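As structure tokens, the structure follows; a few thoughts come after it.
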Amino acid sequence: MKKSLLYLPVLLGLAALACSGTLTGLVSPPVYVCPTPIVNTPVPLPTLPPVPGYPTLIPFPTALPPPTVTPYAIRPPDAFYRGDAVFTRSPQSARFRLMNVYAVNTPVGRTAAVWEIEIRNLSGSVYDVFPAYQSYVSQLVGGAAGIWGATADAAVDAGLSVVYEAVALAPGETRTFTLAGFIPYGTAPDRVTFMLDPNMRPTPPPRLPGSNALVWRTETNPSCGGTIADPPAGVLPPP
């Protein structure tokens, strides 16, 4: 049975920043597009063996249908995979990628999950983002769901030297953010979530740090690899 757990320590500064609306809210749904479409090749017609004593029938040739190209894409509510380049459309276009994720068991009996998110601003305006507030571990291996957010103590326990702060990404700028949060001892992260719109938060509990969720699985994509070229601002290739 899945358990729902909540562990999201939010500093007053983070909450005030989000509520003031100074962070950029991305409202378009995220999408991943495979760089190599899946080609469905038609199966040739079967050839019947001749029957002794009967003439061999030669059927009229039948043209096989041309191969069909199936565009491969992932959209919510389906989860993306670690390494997938996930894009959002205008008015604020960006590219997101979960680069790495792992767990560290400390000698004092605590487990810190560590995850790295790469963000590239594809718009012509500044993108104000606060990954330490907007991102969290949302599911553990085994199925337990919850909200395990980033904390400075978890970063220290994981041996990281990072500073959690809001960042203004210039047009075309790419940054990688390393985050850490405590999860139940001995467990491992299975899903990582990033709330694209931190300015619209649902009111029923549990109180989430935003809306328009981008969710990654921690395993790599089993169906497609690679990354398409960054599209122009506000434009995404089909499908």
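The values are calculated or read from the model by the stated rules, or taken from the named source; none is laboratory data. Just so we're clear, the structure is a prediction, and the values are computed from it rather than from any experiment. When we count neighbours, we look across all protein chains shown, and the Cβ atoms used for this are built from the backbone with ideal geometry, even at glycine. Protein only, heavy atoms only, side chains kept; ligands, DNA and RNA dropped before computing areas. Shrake-Rupley method; radii C 1.70, N 1.55, O 1.52, S 1.80 Å.
Restricted to the range 156-212, and to residues there that are more than 12 Å from Ala112 (Cβ to Cβ) and among the polar types (S, T, N, Q), the residue that is surrounded by the most Cβ atoms within 10 Å (Cβ to Cβ) is Thr193. Can we say Asn199 is touching an Asp or Glu at 6+ places or on another chain (Cβ under 8 Å) and of a type outside the set (A, V, I, L, M, F, W, C)? Here the answer is no, as Asn199 does not meet what is asked. Filtering the range 90-120 to residues that are open to solvent by 20 Å² or more (accessible area, probe 1.4 Å) and under 15 Å from the mean Cα position of the chain (by Cα) leaves Arg95, Arg97, Met99, Asn100, Val101, Glu116, Glu118, Arg120. Residue check: Tyr164 meets all listed conditions (1) in a loop (DSSP other than H, G, I, E, B); (2) within 22 Å of Leu26 (Cα to Cα); (3) under 18 Å from the mean Cα position of the chain (by Cα) but one, namely (3). Given the structure, is Gly124 under 23 Å from Leu26 (Cα atoms) and part of a loop (DSSP other than H, G, I, E, B)? In short, yes.
Can you pull out the residues in the range 127-152 that are of a type in the set (S, T, N, Q), open to solvent by 10 Å² or more (accessible area, probe 1.4 Å) and either part of a loop (DSSP other than H, G, I, E, B) or under 16 Å from Leu196 (Cα atoms) (or both)? Selection gives Ser138, Thr151.
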